[in-house]
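Here the structure comes first, spelled out in structure tokens, and everything after it is commentary.
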Amino acid sequence: MDFADLTSTNEHAAALIQQQDVIEGTLIRADFQSGGKGYAGNSWQSEKGKNLLLSIILKPKFLPAKRQFFLNQVISLAVAATVEDFVIKENVKIKWPNDILFGEKKIAGILIENSVQGNFIQYSIVGVGLNVNQINFSGLQKKATSMACITGKKFSLNKVLDDLCEKLEYRYLQLKNNHVDQIQKDYMKQLFRVEEESDYSTAGKTFMGKIVGLTAEGKLILQVNNQHEVFGFKEIEMII
């Protein structure tokens with residue numbers, strides 16, 4: 001489903017689910033979002049017609065709710081692999097939990113909203129914003145980038161979308177077939193600043209730590225002063 005303007009592709013997907021029995025894999029795409037949403041309540045800003053703004057409806061009923069971070073991992077790996085097909089591969093990393101970076105600049109963001117019934121996920125709305133042809137990022141030039149900024153080229157959004165869908169299908173089937181050890185291994189390999197000392201902030205305090213792993217729920221395990229500490233989503237922020 002293609003739209004010129006939407007408030008949010010995730011919101012449109014949620015409304016669609018309430019109205020009808022939606023086929024798994026339904027994709028909602030917009031040229032522009034007036035109220036695009038990012039992780040932790042942040043907004044997602046994008047120039048009209050320059051980037052990929054989309055949501056995909058999945059029904060991973062095979063996935064226990066306590067393992068839902070594996071869905072986050074496969075989506076992150078798929079988006080990162082898409083970017084790698086068009087830019088310098090070695091510079092693409094995943095910043096926990098769901099940002100895709102080129103170098104130290106954000107090139108894509110992911111927002112997954114799950115509906116849980118009992119112990120299992122009933123459906124997931126997977127929102128992806130991928131910066132493709134946008135050049136100017138007002139006030140965010142030092143923090144954001146795009147495929148066009150990196151390469152100096154303009155890309156076909158449809159071609160990038162086809163590549164993304166192919167990567168998403170591959171990784172989603174990998175999860176469906178329970179290849180979670182490989183997924184976890186691939187995710188850790190591509191994780192930004194893994195096993196590197198970095199600055200973090202939590203509850204108004206700044207400290208040095210090193211990513212050494214993830215819990216089964218996807219929480220971050222940091223080595224801080226030779227001890228392991230665990231942090232959940234929204235509890236900690238890496239300072240870049």
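Remarks
- Scanning segment 129-147 for residues that are crowded, with 19+ Cβ neighbours inside 10 Å and not aromatic (Phe, Trp, Tyr) yields 129, 130, 131, 132, 133, 134, 144, 145, 146, 147.
- On inspection, residue 101 passes the criterion of being within 11 Å of the chain's Cα centre (by Cα), at pLDDT 95 or above and farther than 15 Å from residue 168 by Cβ.
- Of 70, 62, 102, all but one fail to be in contact (Cβ under 8 Å) with a residue 60 or more places away in the chain and surrounded by 18 or more Cβ atoms within 10 Å (Cβ to Cβ); the exception is 70.
- Residue pairs whose Cβ atoms lie under 7 Å apart, separated by 6 or more positions or on different chains, with the first residue in segment 106-122 and more than 13 Å from residue 58 (Cβ to Cβ) and the second surrounded by 15 or more Cβ atoms within 10 Å (Cβ to Cβ) and of a type in the set (Asp, Glu), are 106/99; 109/99.
- Counting only residues that are surrounded by 15 or more Cβ atoms within 10 Å (Cβ to Cβ) and more than 17 Å from residue 98 (Cβ to Cβ), segment 185-199 holds 1 of them.
- Selection within segment 1-29: residues that are polar (S, T, N, Q) and part of a loop (DSSP other than H, G, I, E, B). The member of this set that is surrounded by the most Cβ atoms within 10 Å (Cβ to Cβ) is 8.
- Residues in segment 148-172 that are of a type in the set (Lys, Arg) and closer than 26 Å to residue 26 by Cβ were compared, and the one that is surrounded by the fewest Cβ atoms within 10 Å (Cβ to Cβ) is 159.
- For segment 173-196, residues that are touching a strand residue (DSSP E or B) at 6+ places or on another chain (Cβ under 6 Å) and β-branched (Val, Ile, Thr) total 1.
- Selection status of residue 140, modelled with pLDDT of 95 or more and on the phi < 0 side of the Ramachandran plot: no
- Within segment 45-98, the set of residues being of a type in the set (D, E, K, R) and either within 13 Å of the chain's Cα centre (by Cα) or assigned to a strand (DSSP E or B) (or both) comprises 93, 95.
- Where a residue in segment 177-190 is outside the structural domain of residue 218 (by TED's automatic domain parsing) and polar (S, T, N, Q) and its partner, wherever it lies, is at pLDDT below 95 and assigned to a helix (DSSP H, G or I), with Cβ under 6 Å and at least six apart: none
- Check on residue 121, farther than 19 Å from residue 72 by Cβ and either in a strand (DSSP E or B) or hydrophobic (A, V, I, L, M, F, W, C) (or both): no
- Enumeration of residues in segment 203-221 that are of a type outside the set (Val, Ile, Thr) and in contact with a Ser or Thr (Cβ under 9 Å, 6 or more places away or on another chain): 207, 208, 209, 210
- Taking segment 162-174 as the range and being closer than 13 Å to residue 60 by Cα and under 16 Å from the mean Cα position of the chain (by Cα) as the test, the residues that pass are 169, 171, 172.
The values are calculated or read from the model by the stated rules, or taken from the named source; none is laboratory data. Since this is a predicted model, take the numbers as computed values, not measurements. As a convention, Cβ positions derive from the backbone with ideal geometry for all residues, glycine included, and neighbour counts pool all protein chains shown.
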